[in-house]
Structures are given as C-alpha cells and as structure tokens.
Amino acid sequence: MKLNRGTCIFNFPLTFFLFIRVILAHSSTQNIMAPLSLFLCFLTFSLCTGYASAVPLDVDLPNGHFEDGPKPSNLKKTVIIGKYSLPKWEISGLVEYIKGGPQPGGFFFNVPRGVHAVRLGNEASISQNVTVIPGSVYSLTFGATRTCAQDEVLTISVPGQSADLPLQTLYSSNGGDTYAWAFKATSKVVKVTFHNPGIQEDPTCGPLLDAVAIKEMLPLKYIRGNLVKNGGFEIGPHVFKEFSTGILLPAKVMDKYSPLPGWIIESLKPVKYIDRKHFSVPKGLAAIELVAGRESAIAQTIRTVPNKFYNLIFTVGDAKNGCHGSMMVEAFAGKETLKVPFVSEGKGGFKTAILKFQATSMRTRLTFYSAYYHTKLHDYGHLCGPVLDNVIVFPVTS
Ligand SMILES: [Ca+2]
C-alpha cells in the first residue's frame with residue numbers, strides 16, 4: 001500500500017496559472033523550451049516551499065474489510081484454497097471466508113461491517129505487507145470476536161513485536177468488538193500478521209476478523225496549561241466510520257507502544273475508546289469509557305515538583321449508550337483519592353470534578369477506574385461504564 005505522508009502536494013492552481021501567464025508572455029516566440037523550463041522552475045519552487053503538506057496515514061488496509069473475496073474456484077465450501085487467493089492478503093493454514101448470518105452447524109456470525117469476514121482456524125494466519133515510515137509508531141484497529149471456544153486467542157504481530165489478545169470476554173453482544181494494538185516500525189515495509197495459536201477439537205473454531213485499519217500515531221505535544229499529555233484523548237487509534245461499538249484498548253502489560261499515546265492501560269481488562277460520531281463525548285472528538293470496573297485502570301505519570309500543590313480536573317459522564325445507574329469513578333493523584341459519583345440516565349450527561357493534591361516526588365501517577373461493573377439496561381451481554389474525558393493538571397498558584 002502507498003503512504004501519503006511525506007509526499008509533497010504542490011499548489012496546482014497557482015502553478016498552472018503562472019504557467020499560462022508564461023505561455024502568453026512567450027506566445028510571440030516559437031520556442032516552447034523557455035516556458036517549459038520556467039514551468040519546471042515553478043513546479044520545483046512549489047514542491048519545495050510551504051505549499052507542501054503531509055498527511056499522516058489513517059486508512060483501512062487494502063481489502064481490510066474482506067469484501068473482495070476469493071474466486072469461487074479457490075473456495076472449498078468456505079475454506080480458502082491457495083496462499084494468495086484472498087485478494088491483498090497472504091494466508092496460511094485453515095482460513096475460512098465467511099458471510100455474516102446463520103452458518104451450517106447452528107452457528108450465527110455477526111459481521112457488523114460489510115458482509116464478509118475471515119475465520120482463522122487452528123494455527124491459521126493471514127498477513128499483509130504494509131508500507132510505513134521507519135521509526136514511526138502505528139496503531140492497528142481491527143474487529144475481532146471468538147466463534148466457538150471460550151479460550152480463543154488472537155496473536156497480532158509485526159516482525160519483532162507481537163501480542164496475544166484473549167477473546168474470552170465479549171464486550172458487545174452484536175459481534176462488534178474492536179481492538180487496537182500499536183507497534184513501532186523498524187523498516188519501510190512491515191508484515192502485519194493475525195494468527196490463531198489455538199488448537200481446538202473443531203479445527204475451524206477460531207477468531208473471526210472482519211475489518212483492519214491502520215493509523216500513524218504522531219508524537220505528542222504538551223498543551224499549554226496542562227501537565228497531562230493527551231488529556232482529552234483526542235489522539236487515538238483509527239475509528240471505523242460506518243459502525244463502532246468503541247475500540248477496546250487492551251491492558252498494556254508487555255507492549256511498549258500504546259494506541260492511546262500518553263496513557264497506560266493497567267491491570268487485566270481493556271478500556272474503551274469512544275468517538276463523537278457513535279457516542280456522547282463530553283469534549284472534542286473522543287473520550288474513554290471504563291467498561292471493566294476495578295479490573296481496568298487508565299494511568300499516566302506526570303512531572304511534578306515535590307511539595308508543590310496541583311489541581312487535577314477531569315470530566316465524568318455517560319456515553320449515551322443505554323448504560324444506566326449509579327456510577328463511580330475513582331481518581332488517584334499521588335497519595336490523594338477522589339470518588340466521583342455520577343448517576344447515569346443514559347442521556348450523555350457529564351460533570352466536572354476537581355482534586356487538589358500535593359506532589360511528593362518528581363513524578364506523580366494519575367490513575368482512574370470505575371468502582372462498579374455495569375451492563376446496558378436492555379442488554380446484559382453488553383459491558384459498559386462511566387466516561388472519562390478532559391483530564392487537566394496545573395499547579396496551584398499561591
Ligand atoms: Ca475528548
């Protein structure tokens with residue numbers, strides 16, 4: 001796939017206008033070389049001045065939704081025959097090409113984005129080469145759900161970096177669970193691989209993968225007046241436009257790079273990255289939903305001056321996603337704790353809380369989690385929780 005970052009986009013209307021001017025100016029002569037060389041000068045000038053722009057990569061992978069299927073002759077029922085039969089992908093082992101809906105054997109597969117998905121059977125994998133910028137960090141967003149066994153695991157990797165994603169907990173009841181994982185590119189082309197390491201009695205049992213996208217994570221900058229990086233959660237993984245139940249950010253136990261720059265997902269369960277198009281978000285385009293109670297915390301370590309006082313301000317609310325009830329977000333800053341109750345009516349309300357703390361060292365850890373577990377009012381299979389947004393820390397001026 002082609003990158004669009006780093007390629008210069010010259011100002012075509014301006015260059016063309018200048019070219020026409022030059023043509024007219026030289027119309028009395030028959031020499032076409034003079035205007036042509038001037039045009040090339042303008043072109044070079046445009047390419048090498050402020051008219052250039054860079055857009056970070058943020059796209060679906062080619063055939064990332066698997067809607068472009070194998071030829072019927074390369075399918076044996078649902079099993080894909082041939083290493084290169086699935087367009088844009090390379091497959092290994094027992095990979096099925098699935099159409100959403102009822103399946104033989106009484107299964108039902110939800111394919112929330114488009115119609116088709118792939119299922120990775122025992123020890124099967126699919127991979128694709130992606131062109132990237134060495135040294136840059138990328139996050140992959142992908143729809144993945146288990147299909148029959150409780151203990152299904154999806155291994156995602158690029159050369160030298162990998163993560164095992166347990167799929168036993170279903171966070172949405174419609175098959176829409178979506179995850180993100182980040183890696184640092186160490187070469188111009190990386191091979192992204194999804195692999196099912198499991199061996200089940202039924203060899204076709206394994207994770208269903210229905211969409212894959214990639215986004216380049218640009219380096220973070222501090223915003224004046226806030227010691228917290230990415231405190232509004234505005235910088236995060238690719239969000240699928242057409243359908244989203246939020247993106248699960250797995251606990252960062254072993255991974256070096258976070259799909260949510262600046263933040264660490266602690267403990268066992270993920271937190272959810274939610275976007276303004278599909279949820280109610282207190283501020284900006286994105287926020288975090290704490291979907292796993294005390295089993296999942298989100299944290300950041302900030303620089304502080306010992307003995308100095310600081311204010312921690314943050315917003316707590318609900319995502320307008322049918323998550324009702326008495327919620328509680330617990331916040332920790334150094335040795336101070338604040339419990340923020342929030343009664344959700346499921347209408348997308350929010351409130352702001354403030355915690356004053358005294359730093360005890362050069363670094364202070366901020367931690368947030370949901371005190372309780374919640375499920376949607378009319379859908380007990382769908383885990384949900386309070387929303388966190390707009391985390392700000394600044395020194396108290398005396
Ligand atoms: Ca926000």
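Let's see how each residue does on (1) surrounded by fewer than 23 Cβ atoms within 10 Å (Cβ to Cβ); (2) within 16 Å of the ligand (Cβ to nearest atom); (3) outside the structural domain of residue 184 (by TED's automatic domain parsing):
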{"position": "211", "(1), (2), (3)": "no, no, no"}
{"position": "223", "(1), (2), (3)": "yes, yes, yes"}
{"position": "227", "(1), (2), (3)": "yes, no, yes"}
{"position": "233", "(1), (2), (3)": "no, yes, yes"}
{"position": "242", "(1), (2), (3)": "yes, no, yes"}
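Taking the conditions (1) closer than 24 Å to residue 136 by Cα; (2) more than 16 Å from the ligand (Cβ to nearest atom); (3) polar (S, T, N, Q); (4) at pLDDT 90 or above in turn, residue 258 satisfies each one other than (4). Look at the stretch 153-180: where a residue is touching a residue at least 60 places away in the same chain (Cβ under 8 Å) and not assigned by TED's automatic domain parsing to the domain that holds residue 273 and a partner is charged (D, E, K, R) and assigned to a strand (DSSP E or B), sitting 6+ places away or on another chain with Cβ atoms under 7 Å, you get 173/379.
Being modelled with pLDDT of 95 or more, surrounded by fewer than 21 Cβ atoms within 10 Å (Cβ to Cβ) and outside any strand (DSSP E or B) is true for just one of 56, 87. Which residue is that? Spell out the reasoning first.
Numbers: 56 fails: modelled with pLDDT of 95 or more.
After ruling out the rest, the residue left standing is 87.
Of the strands (runs of 3 or more DSSP E) contained entirely in the stretch 169-254, those carrying at least 1 residues that are under 27 Å from residue 393 (Cα atoms) fall at 178-184, 208-217, 247-249.
Within the option set 313, 274, 288, being over 21 Å from residue 339 (Cα atoms), within 14 Å of the ligand (Cβ to nearest atom) and of a type outside the set (S, T, N, Q) holds for one residue only, 274. May I ask you to verify whether residue 280 is closer than 20 Å to residue 350 by Cα, within 16 Å of the ligand (Cβ to nearest atom) and polar (S, T, N, Q)? Yes; evaluated as a whole, the condition is true for this residue.
Of the residues in the stretch 335-371, how many are in a strand (DSSP E or B), more than 15 Å from residue 314 (Cβ to Cβ) and either among the hydrophobic types (A, V, I, L, M, F, W, C) or at pLDDT 95 or above (or both)? Give the derivation first.
Taking the stretch 335-371 first, the residues in a strand (DSSP E or B) are 336-344, 350-358, 363-370.
Narrowing the set further to residues that are more than 15 Å from residue 314 (Cβ to Cβ) leaves 343-344, 358, 363.
Imposing the further condition that a residue be either among the hydrophobic types (A, V, I, L, M, F, W, C) or at pLDDT 95 or above (or both) reduces the set to 343, 358, 363.
The number of residues fulfilling the criteria is 3.
Exactly one residue out of 297, 292 is assigned by TED's automatic domain parsing to the domain that holds residue 371 and touching an Asp or Glu at 6+ places or on another chain (Cβ under 7 Å): that is 297. So, in the stretch 55-87, how many residues would count as being among the small types (Gly, Ala, Ser) and either at positive phi or not assigned by TED's automatic domain parsing to the domain that holds residue 105 (or both)? Residues flagged as among the small types (Gly, Ala, Ser) and either at positive phi or not assigned by TED's automatic domain parsing to the domain that holds residue 105 (or both) within the stretch 55-87 amount to 1. Filtered by the rule that a residue be among the small types (Gly, Ala, Ser) and more than 30 Å from residue 378 (Cα to Cα), the stretch 123-178 gives 124, 125, 127, 135, 136, 139, 157, 160, 162, 163.
Answer yes or no as to whether residue 93 is among the small types (Gly, Ala, Ser) and modelled with pLDDT under 95. It would help to see each step written out before you state the result.
Working: among the small types (Gly, Ala, Ser): yes; modelled with pLDDT under 95: no.
No, not satisfied.
Out of everything in the stretch 372-398 that is of a type outside the set (Gly, Ala, Ser) and part of a loop (DSSP other than H, G, I, E, B), what residue ends up being nearest to the ligand (Cβ to nearest atom)? Ranking the qualifying residues of the stretch 372-398, first place goes to 386. Listed by first and then second residue, the pairs linking a residue in the stretch 272-287 that is without any contact (Cβ under 8 Å) to a residue 12 or more places away in the chain to a residue that is more than 6 Å from the ligand (Cβ to nearest atom), with Cβ atoms under 8 Å apart and 6 or more places separating them unless they lie on different chains, are 276/285.
Residues checked against (1) out of contact with any Phe, Trp or Tyr (no Cβ under 9 Å at 6 or more places or on another chain); (2) crowded, with 22+ Cβ neighbours inside 10 Å; (3) among the acidic types (Asp, Glu); (4) farther than 20 Å from residue 179 by Cβ:
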{"site": "284", "(1), (2), (3), (4)": "no, no, no, yes"}
{"site": "292", "(1), (2), (3), (4)": "no, yes, no, no"}
{"site": "350", "(1), (2), (3), (4)": "no, no, no, yes"}
{"site": "357", "(1), (2), (3), (4)": "no, yes, no, yes"}
{"site": "362", "(1), (2), (3), (4)": "yes, no, no, yes"}
{"site": "366", "(1), (2), (3), (4)": "no, yes, no, yes"}
{"site": "392", "(1), (2), (3), (4)": "no, no, no, yes"}
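If you check residue 264 against the conditions, is it closer than 19 Å to residue 232 by Cβ and more than 16 Å from the ligand (Cβ to nearest atom)? Yes, satisfied.
The values are calculated or read from the model by the stated rules, or taken from the named source; none is laboratory data. Given the structure is predicted, the values throughout are model-derived calculations rather than measurements. No Cβ is skipped: glycine too gets one built from the backbone with ideal geometry, and neighbour counts run over all protein chains shown.
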